[in-house]
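Structure first, then comments.
No lab work stands behind these numbers, since they all come straight from the coordinates. Treat the numbers as computed from the prediction; the structure is a model and nothing was measured. Positions of Cβ are backbone-derived with ideal geometry, glycine not excepted, and every protein chain shown enters the neighbour counts.
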Amino acid sequence: MDYILSIPVERLKKVIAGDQGGISKTVNWQGGGSFVYCELLEWNEVYAKRIMQAKDKKELQKIWKDMQERAFLSYRVDVKQFNANAAGFGELSLEEQKRFLLEVLDKNHLYVNLSEMDDETYGVSEEDKQLNRVFYGI
């Protein structure tokens, strides 16, 4: 969530400090405590962000090349057939190309699944693996 630092984290800091907004006054909250938040390791989400931020079709071509090498693509996409018909793709508007490339991404792989954290492909650090094991009790 792009807004995690600006909204929820700041709100939690205020609650811990004893802010009387929300339900705090009703339940006589005096403050205290702490919190921890973790960010998910992005995988296909990286490509989705790049697609959305692309300024031109040439940049989208580079992203498509990268996606073919490392992204998880939808099972419905035949990459060879797509590449054979790339001329038609080039005729689409920038927004249409973005929409198509976003659709090509497998949404089940926007982030690295816990069960995949030991796969070297993702480069999960030993520190992050240990944090996950402690957090999930595994």
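Does the stretch 44-109 classify as rounded, prolate or oblate by the C-alpha gyration tensor (a ≥ b ≥ c root eigenvalues; a/c under 1.5 gives rounded; else a/b over b/c gives prolate, otherwise oblate)? Don't skip to the answer; put the middle values down first.
Values: a/c = 1.66, a/b = 1.10, b/c = 1.51.
Verdict is oblate for the stretch 44-109.
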Next item on the list: May I ask you to list the lysines whose Cα is less than 16 Å away from that of residue 55, ignoring any residue fewer than eight positions away on the same chain?
Entry: 98
Notebook entry, point to check: Taking the Cα atoms only, what angle lies between the long axis of helix 8-17 and the longest principal axis of the chain, rounded to 10 degrees?
Noted result: 10
Margin query: I'd like to know which of 36, 121, 72 lies farthest towards the positive end of the charge dipole of the chain, counting +1 on Cβ of Lys and Arg and -1 on Cβ of Asp and Glu.
Written below: 36
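I want to verify the translational diffusion coefficient of the chain in µm²/s; compute it with Stokes-Einstein, Rh as the Kirkwood radius over Cα pairs, at 4 °C and 1.567 mPa s. Display every interim value, and only then the final one.
Numbers: Rh = 18.4 Å.
It diffuses with D of about 70 µm²/s by this estimate.
Over 27 Å between C-alpha atoms is what I'm after, so list which of 57/80; 13/107; 58/80; 62/129; 62/107 land there. Intermediate values should be presented prior to the final figure.
Numbers: 57/80 20 Å; 13/107 33 Å; 58/80 20 Å; 62/129 31 Å; 62/107 20 Å.
Violating the 27 Å limit, Cα to Cα: 13/107; 62/129.
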Notebook entry, point to check: Using a Gaussian network model of the chain with C-alpha springs under 10 Å, which one of 51, 16, 63 is most mobile by mean-square fluctuation?
Noted result: 16
